[in-house]
Amino acid sequence: MTRSLAWLALLSLATVTTAAPPKAEEELVDRVQKSIRLGVDYLAKRQAKDGHWENVATKFLIGQKGGATALVTLALLNCGERPERNPNVARALDYLRKLPPERTYVVGLQNLVFAEVGNAGDVPLVQRNVDWLLKTALADKATGRLQGWSYLSAPGAETGDNSNTQYALLGLYAGKQAGATIPDGEWRRVQEYYTRTQRAASPTAGFWTYQTAGNAALADGAASFTMSVAGVCGLIIANMGLGAGEQGLDPATGVAANCGVYAGDDAVARGLNWVGEKFDFEQGKSKFYNIYGIERLGRLSGRRFLGVFDWYREGCEYLTRRQNPDGSFSGDGIDGSVVVSTSFALLFLSKGRTPVLVSKLAWGDYQDRLKGTFVEVSGDPGTRPGVVNWNRKHNDARHLVEYASKELFKGTPLAWQAYDPRRRNLSDPADQLAEVGVLVQSPVVYLNGHTNPALWIRDGRREVLKRYIEEGGFVLAEACCGDKEFADGFRELMREMFPDTPLRKMPPEHAVWRSHADVSPADFPDLECMERGCKTVVVFSPKPLAGYWEEHRFMPEKGKAAKNEGERAFRLAGNVIAYATGMEVPKPRLTRQALAAGSKEDRSPPRGAFVPAQLKVAGADSEPAPAAMRNLMAYLRDTARLDVRLDKESLFASDTDLAKFKFLYLHGRKSFTLGDEELKELRGNLQVGGLLLADAACGKKEFDASFRAAVARLFPDSKLEVIPANDPLFSAKIGGEELTSVRCRREKPEGGAEAEMRAYPPYLEGIKIDGRWAVVYSKYDIGCALEGHKSTDCLGHDKESALKLGRAVVLYALKR
């Protein structure tokens, strides 16, 4: 095809409309956000002038002064309503602070509220409530064993029940989080209580009943779904409450004598299986009470699935369909108060949508059971019964997220999840892509354990992990207790997935050592990493670290230097997470990540489809972001109704096929040169209507200097100039929306990269030929951002901004 014919073909594409496509069905994440706003407005309108909601609460919490107010306030806080910005919440807090401890539900909810607010002045009230709860716990007179909590404040005045007990435990753990002191012995009493009172003597084992006055009561009560949910939560909370942990850690080596052994572990597994088999949002007359319990179980256990149910997604579908026009939710029975049912619904919606920072990858063997639940088996005949090799540390991911939330993200609520791809048949590439779309919402996948993970992470599961990394995901791996078999297996897994980019020792100049706190490479000489393009995508420690992350006592105090191996391990993890996320908070759960299908689906694009060309440069890494164009083309297809081919063509500037392409892309991080023949062909292409988009990967100075030198030779009579903010390239006429602001990480005045991305007017440079931009250049990264890669040392845009900039340039090329 001649150049003139190629240009005519391009002109025919210029008739493509850039109007927005018809409005799709509202995304679930948007429906949830709208539902939360409506619910918050409803509750605000129902508040009494002196700050409480007692006058509108009936049935549940009746006769318990402050209970309804504490529940509503907790819901509002979790929906983002803060006392410093919302006078309704401030008045409610004033009301709650004046109430003495009298009833279990109220005291537990008070502590949940005070912990959520995080005001140091409330710590004495929190400790007072903790002391009251410990004092009013019921105990067997003969044995001293815990019998739970009751409605009344006088010990022994009433039989304990598991509903009061779960709110007492919530209050105790909230107290611990707020700074109250609780002896480890109290948590061990709770473990013993829930283990003893679980119904576990028949094929339907695994449930709890409402009242459990000693062992005899087990025969008197029917199985209760809500109390079984509470029972599993109680065991998890008790485990979380223990300060020293149960693993028998050697603080000097990081090796645990009792690795993977937890009191109550079997009871938790039985309870989760029973709940999974009986899963139902509508349980008797307590739907909304039940729904909040399900959210708590899913969050505390880190499970995305309870049984076969994606509990948060399905719960959001359930609730958003049942909300009243005025923003309320109507319950019955103990949920008969609309204020109470609305508060429970908002707690589910708001807490469940917390962004997932870390996904802990499940791997290994398991045995299927009825109705989709399963029991895992070790895969290692030498381990203790019930020990699961991928999850020998139950609290490591939880504590990493807690630490990152406080140290890196200014207290922003963040979550973790146990990500288990074994529950799905992932043989179909379309199913793999959909699963990656879910997993990529979490910026860090955490993988550790004993034995060889490469034996289990295979086929479709391996493809999901590989594509996750290619789409901007990051893997943090650790050999639990320094297990050599795991270390060798993990290296094997990475080598098989990415044979051209092996793991190597982390160099002392790597940004991870300084991405947040100063961490000495000498403290972690065995740390390994793997790069893809200009970004590290895997960090692996063959030496044990998770044993320290397992125990809250090693979490260093904010602003103080690490003083032992455990605290240094937390500092390192904080740096890794800071690097992996680029200090950007993940999007809320349910946020859909659209991914471009692989090339197999794109073999027959529509006739006349737009095809990008990516320039290769001899001797340089001119494609450090190989999926950048694929992702940009998919975005153009979905947002601009443009017929595209997802597969780019990669060619040198001297290639005779260069004339076929009128949109060229160049992206790199290292120095390069273009030969005279390459410059001649490229100049000819641009002079007859072509456009070159180029950017420096992560703002690398070496590429920037080389590109400016190449452009000076390409067009010696022209210079790169800043493209004005009012240029048609940024206009709605070209791109369908006016581009006035992008998010970008730029240089500090004194050098180095800014800690956070900020909003700036778009900054592009260019060279004009005959009144049109023929070269468009960004010294700030676009290509790595198109792949979703982030790091604290990367000068460049976030993915959304990169997509919008790329879209504007492509559409400008077509229309001009």
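The values are calculated or read from the model by the stated rules, or taken from the named source; none is laboratory data. Please read these numbers as outputs of a predicted model, since none were measured by experiment. Neighbour counts run over all protein chains shown; Cβ positions are idealised from the backbone, glycine included. Just so you know, the surface numbers come from the protein's heavy atoms only, side chains and all, with ligands and any DNA or RNA stripped out. Shrake-Rupley method; radii C 1.70, N 1.55, O 1.52, S 1.80 Å.
Results, tabulated for the structure shown:
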{"read-out": "Under 5 Å, built H, 5+ apart or other chain: amide partners of Val538", "value": "Val475, Met530"}
{"read-out": "Cα pair distances in segment 690-758, grouped into 10 Å bins until the bin that holds the longest one, percent each", "value": "15, 34, 39, 12"}
{"read-out": "Cα extents of segment 669-816 along the three principal axes, largest first (Å)", "value": "41, 37, 26"}
{"read-out": "Gain in span if fully extended, Arg504 to Gln687, counting 0.36 nm per residue against the direct Cα distance", "value": "61.4 nm"}
{"read-out": "Trypsin sites (Lys or Arg not before Pro) restricted to DSSP loop in segment 98-176 with at most 11 other C-beta within 10 Å", "value": "Lys98, Lys141"}
{"read-out": "Over segment 264-345: Rg over Rh, Cα atoms, Kirkwood Rh", "value": "1.01"}
{"read-out": "Gain on full stretching of the segment that runs from Arg196 to Ala705 - 0.36 nm per residue minus C-alpha separation", "value": "176.2 nm"}
{"read-out": "Nearby lysines by direct alpha-carbon distance to Lys278 (threshold 18 angstrom, same-chain neighbours under 8 apart not counted)", "value": "Lys287, Lys371"}
{"read-out": "Unit charges on C-beta of K, R, D, E only; dipole of segment 739-816, Debye", "value": "420 debye"}
{"read-out": "Check: the chain dipole with +1 on Lys, Arg Cβ and -1 on Asp, Glu Cβ, in debye", "value": "1340 debye"}
{"read-out": "Over 29 Å (Cα to Cα) - which of Lys560/Lys790; Lys393/Lys748; Lys410/Lys790; Lys558/Lys779; Lys176/Lys466 fall in this group", "value": "Lys393/Lys748; Lys558/Lys779; Lys176/Lys466"}
{"read-out": "Which label in (i) 89, 65, 53; (ii) 95, 60, 52; (iii) 79, 57, 51 gives the computed Cα extents along the principal axes in Å", "value": "(ii)"}
{"read-out": "Where labels lie 7 Å past Cα in the beta-carbon direction, separation of Arg46 and Glu282 in nm", "value": "2.1 nm"}
{"read-out": "FRET E, pair Asp638, Asp770, Förster distance 25 Å, beta-carbon r, rounded to 0.05", "value": "0.15"}
{"read-out": "Listed peptides 742-754, 84-96 by packing density, highest first (mean Cβ within 10 Å)", "value": "84-96, 742-754"}
{"read-out": "Inter-probe distance in nm under a simple model that places probes 7 Å from Cα toward Cβ, at Asp523 and Glu677", "value": "5.5 nm"}
{"read-out": "Cross-link partners of Lys719 among aspartates and glutamates (Cα-Cα below 12 Å; sequence separation of 8 or more within a chain)", "value": "Glu765"}
{"read-out": "log₁₀ of I(q)/I(0) at q = 0.11, 0.15, 0.19, 0.21 Å⁻¹ - segment 390-547, Debye sum with one point per alpha carbon", "value": "-0.45, -0.87, -1.44, -1.70"}
{"read-out": "Percent accessible area from carbon and sulfur atoms, segment 644-784, protein chains only, probe 1.4 Å", "value": "48 percent"}
{"read-out": "Nitroxide proxy distance, nm - points 7 Å out along Cα→Cβ at Lys560 and Arg82", "value": "2.5 nm"}
{"read-out": "Cross-link partners of Lys49 among lysines (Cα-Cα below 24 Å; sequence separation of 8 or more within a chain)", "value": "Lys59, Lys65, Lys98"}
{"read-out": "Extension gain, Ala755 back to Arg514 (0.36 nm per residue minus Cα-Cα distance, nm)", "value": "85.6 nm"}
{"read-out": "Cleavage-rule hits (GluC sites (Glu not before Pro)) in segment 488-533: DSSP loop, at most 12 neighbouring Cβ within 10 angstrom", "value": "Glu509"}
